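Reading through the structure tokens given below for one structure.
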Amino acid sequence: MALKVAVQMDHISSIKIAGDSAFALMLEAQARGHELYHYTPDRLAMRGNTVTASVEPVEVRDIQGDHFTLGERRRADLADMDVILMRQDPPFDMAYVAATHMLEKIHPGTLVVNDPDHVRNAPEKLFVTEFSDLMPPTLITRDRDEIDAFRKEHGDIVMKPLFGHGGAAVFRVTEDDLNYGSLYDFFAVTFREPWVVQAFLPNVSKGDKRILLVDGEFAGAVNRVPAEGDLRSNMVRGGAATEAELTDREREICARLGPSLRERGLILVGIDVIDGYLTEINVTAPTGIRAVAKLGGPNIAAKVWDVVEKKCST
């Protein structure tokens, strides 16, 4: 059964296809004969309960720089689509939140992946705290006294913005770091929301494992190793992807998370695990599909479409 699939994403001309999971999903959808449409979030509109977007038919090719062809733009009622892939990158700001509210109007009649209600209510660095026993010691606050006490208890800590992404503004603060006061001041004037403060995990130098789950089941993994001299393992920050197998601890983490992810309609999720500790649950636009495939792992995009097609047929 051919599905009408609209992809809400950053403009396709701006993406780097080698690592873009949305593009991997589009390639797989096209290979299965589904109709693909492209639009950016700023083209959404809502009148009453009708949600529309200015969409373009799109063909995709796995050739960077010549990876797409767009057809004539038209305004479409998104309720006429079978599937919406909500795949724009963070920041998870009020524009992102507004898009979830609009798409919620048409879901589940039109299947939105991931469920917009639960994307909104499960921000990566907050949702994870529902599984605090699987995490490293973690504090969420902007209160200086609380951070001081946490730092005194744990020594080395990591500070990062609560709604940050891609490894931006992630800092390690050692026990005797004289930059701590300046860093606190920088965060205080830059971020209005609380921050995430975690005990530093020294084995991050051996990798930050990205594990992908599809409909709550383990689908594939890649180990992201930081570049020399950098704390961050994100591939957009120079991290290198290497093959990965799951440890028993990581399988336990997946088993714990799976039922909650399925219940929330979070079909494609990427979790981050460092040295056996769960650090984030990424539900907005998780990456890693292409990295896993490049290293000889499974076709996770196919697993996603198997689930989506089944849901659309029932």
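The values are calculated or read from the model by the stated rules, or taken from the named source; none is laboratory data. Since the model is a prediction, treat every value here as computed from it, not as a measurement. Cβ: placed from backbone, ideal geometry, glycine included. Neighbour counts: every protein chain shown. Remember, those area values only see protein heavy atoms, side chains included, never the ligands or the DNA or RNA. Shrake-Rupley method; radii C 1.70, N 1.55, O 1.52, S 1.80 Å.
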Task: Selection from segment 127-151 of residues that are assigned to a helix (DSSP H, G or I) and surrounded by fewer than 16 Cβ atoms within 10 Å (Cβ to Cβ) - done: 129, 130, 131, 132, 133, 144, 145, 146, 148, 149
Open item on the list: With the requirement that a residue be in contact with a strand residue (DSSP E or B) (Cβ under 7 Å, 6 or more places away or on another chain), open to solvent by less than 30 Å² (accessible area, probe 1.4 Å) and without any contact (Cβ under 8 Å) to a residue 60 or more places away in the chain, what does segment 70-106 give you?
Closed with: 106
Task: Selection count, segment 99-136, where residues are basic (Lys, Arg) and more than 11 Å from residue 284 (Cβ to Cβ) - done: 2
Task: Out of 293, 241, sole residue that is under 18 Å from the mean Cα position of the chain (by Cα), assigned to a strand (DSSP E or B) and surrounded by fewer than 21 Cβ atoms within 10 Å (Cβ to Cβ) - done: 241
TODO: Looking only at segment 156-179, count how many residues are in contact (Cβ under 8 Å) with a residue 40 or more places away in the chain and on the phi > 0 side of the Ramachandran plot.
DONE: 2
- [ ] Keeping to segment 202-229, report how many residues are in a loop (DSSP other than H, G, I, E, B) and surrounded by 18 or more Cβ atoms within 10 Å (Cβ to Cβ).
- [x] 4
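Can you say whether residue 287 is closer than 21 Å to residue 128 by Cβ, open to solvent by 20 Å² or more (accessible area, probe 1.4 Å), hydroxyl-bearing (Ser, Thr, Tyr) and in contact (Cβ under 8 Å) with a residue 24 or more places away in the chain, as far as the supplied structure shows? Give the derivation first.
Working: closer than 21 Å to residue 128 by Cβ: yes; open to solvent by 20 Å² or more (accessible area, probe 1.4 Å): yes; hydroxyl-bearing (Ser, Thr, Tyr): yes; in contact (Cβ under 8 Å) with a residue 24 or more places away in the chain: yes.
Spelling it out, residue 287 is indeed closer than 21 Å to residue 128 by Cβ, open to solvent by 20 Å² or more (accessible area, probe 1.4 Å), hydroxyl-bearing (Ser, Thr, Tyr) and in contact (Cβ under 8 Å) with a residue 24 or more places away in the chain.
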Task: Flag for residue 298 being crowded, with 17+ Cβ neighbours inside 10 Å, on the phi < 0 side of the Ramachandran plot and in a loop (DSSP other than H, G, I, E, B) - done: no
Task: residue 167 closer than 26 Å to residue 281 by Cα, surrounded by 12 or more Cβ atoms within 10 Å (Cβ to Cβ) and over 29 Å from the mean Cα position of the chain (by Cα) - done: no
Open item on the list: So, restricting to strands (runs of 3 or more DSSP E) that lie completely within segment 1-113, which ones have at least 1 residues that are of a type in the set (Phe, Trp, Tyr)?
Closed with: 35-39, 68-70
